[in-house]
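The values are calculated or read from the model by the stated rules, or taken from the named source; none is laboratory data. Everything numeric here is computed off the predicted structure, so don't read it as measured data. For neighbour counting, all protein chains shown are included, and Cβ atoms are generated from backbone atoms with ideal geometry for every residue, glycine included. Calculation scope for accessible area: heavy atoms of the full protein, side chains included, ligands and nucleic acids excluded. Shrake-Rupley method; radii C 1.70, N 1.55, O 1.52, S 1.80 Å.
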Amino acid sequence: MLVAAAVCPAPPMLLPELATGAAAELGDARTACSDALSVLAASRPDLLVVVGACDPDHHGAYPQGARGTFRGFGAGADVRLGEGEEGPRLLPTPLAVGAWLLGRAGWGAAPLEGFGVAGPLDTERCLEAGRELAAREERVALLVMGDGSACRSLKAPGYLDERSAAFDAEAARALGAADLPALAALDAGLAAELQAAGRAPWQVLAGAAEGAGLEGRLLYEDAPYGVGYFVAAWS
């Protein structure tokens, strides 16, 4: 059963060495992520699963010890998903960012796994994947990595789309309220058009949280680079 969850954004620029001169701009987001991770540790899970979007070829489970890299983003940093044998596949970038957050927090509270959810996966299959994750152990926690719309400004990666503000506002409200029906109702087609990579991971979370009775808190909401970033904690 799901006992806690943290929702964090997944930009590689969370790493100060990648943000360089702009590192301070995401300082509040890093602090909020640390606060959300403390909720996970306090829940005393038997298993923590890091969930993030990936391309369909990389969908599925990643074992503890799997390696991620940020070399393609101009930094020589590699990360590991906890201690263990390195797996055959590199972590998708959102999972690598999650691994970095856990390493920064000195995570050692429970075994770790990663789960890459294909970005185009339909809502019902996302919900079912979440149910399966929640059934893995008696006490399961999720670290859910995902961004909102990438179309919040003229300089955003996806340019400005007038629909993006309303989409992000509803996503932020639903994440902060642990509103499972609202998360499940996020439109997959619209999310794809708005380049909202968090849609599928958030719907995995919605499936995992069914029947858990968790309450949510929104710890951070902003769009500093024209991309919606949210941090929430559920317990």
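What the table shows:
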| quantity | calculated |
| --- | --- |
| Alpha-carbon Rg/Rh ratio, for region 165-235, with Rh computed the Kirkwood way | 0.95 |
| Carbon and sulfur %, accessible surface of the chain computed with the full protein complex present, 1.4 Å | 51 percent |
| Using a Förster distance of 22 Å, the FRET efficiency for D187-E128 (Cβ separation, nearest 0.05) | 0.75 |
| Computed over the chain: relative contact order in percent, which uses C-alpha pairs under 8 Å that are six or more apart | 29 percent |
| Dipole axis of region 1-71 (+1 Lys, Arg; -1 Asp, Glu on Cβ), positive-most option in V7, S38, G27 | S38 |
| Candidates D78, D122, D57, ranked by Gaussian network fluctuation over the chain, Cα under 10 Å, top entry | D57 |
| Compactness of region 54-174 as Cα Rg over 2.2 N^0.38 Å, two decimals | 1.19 |
| Pairwise FRET efficiency - R163 versus D46, Cβ, R0 = 41 Å, nearest 0.05 | 0.50 |
| Charge-dipole axis of the chain as Lys and Arg at +1 and Asp and Glu at -1 on Cβ define it, positive-most pick from A134, G82, Q195 | G82 |
| Cα Rg, Dmax, the chain, angstrom units | 15.9, 46 |
| Qualifying GluC sites (Glu not before Pro) for region 36-110 [loop in DSSP, other Cβ within 10 Å: at most 11] | E83, E85 |
| FRET efficiency, T69 to A105 (Cβ-Cβ, R0 22 Å, nearest 0.05) | 0.65 |
| Contact order normalised by residue count of region 33-142, Cα under 8 Å, 6+ apart, percent | 41 percent |
